[in-house]
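The next block holds one structure in the form of structure tokens; read it before the comments.
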Amino acid sequence: GITAMTEDQAWAYAKARWIHGGDDRGADVVFQTRADAASLHAAMRALRPQGTVIDLAFYQGGADRLRLGEEFHHNGLNLRCAQINRVPRGLGFQWDRRRLANETVKLLLARGPEIRAQLITHVVPYDDAPKFIAKLVGERPEFLQIVFKVGD
């Protein structure tokens, strides 16, 4: 299953869980989902040397506070940007859009309820959307993803 953790808990868990010998500790790959420089830094801290962060976030306001001089450069880390509707160059012959869509549907069928429970923090009736958006702007509540539900 999926266990929800704070960012500090997650990187500490990764360093304790995956010990490859000596100072070589951490995850091979980390998926980062928040458009926040501190969150990206925490994802990098969870990696073993030469590990890879797959960054799923979109930094609409930039990432001015990103600190690449620590984990990133010292540990030779890789940062991959996961963009919507794109297959990495060189993999297009293996992962065309049809295969990508089919695999996504298979993942959602197999693990949909689990993914939904961990990633979608708010399901809001469509008719309540204007009021909820006003709340987002005014109160800035924490959320991962919001879904506006149409009908029952």
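The values are calculated or read from the model by the stated rules, or taken from the named source; none is laboratory data. Small disclaimer: the values here were computed from a predicted structure and weren't measured. A quick note on method: Cβ atoms are made from the backbone with ideal geometry, for glycine too, and the neighbour counts reach across all protein chains shown.
A few remarks follow.
- Selected residue (only one of Q50, Q60 is under 18 Å from G26 (Cα atoms), in contact (Cβ under 8 Å) with a residue 24 or more places away in the chain and out of contact with any Phe, Trp or Tyr (no Cβ under 9 Å at 6 or more places or on another chain)): Q50
- Out of T104, T121, sole residue that is within 26 Å of D36 (Cα to Cα), surrounded by 11 or more Cβ atoms within 10 Å (Cβ to Cβ) and of a type in the set (S, T, Y): T121
- Residue within the stretch 76-87 that is in a strand (DSSP E or B) and in contact with a Cys (Cβ under 6 Å, 6 or more places away or on another chain) present: no
- Filter pass, R98 being out of contact with any strand residue (DSSP E or B) (no Cβ under 9 Å at 6 or more places or on another chain), of a type outside the set (S, T, Y), under 20 Å from T33 (Cβ atoms) and outside the structural domain of I54 (by TED's automatic domain parsing): no
- Screening V105 against (1) within 21 Å of the chain's Cα centre (by Cα); (2) assigned to a loop (DSSP other than H, G, I, E, B) leaves a single unmet condition, (2).
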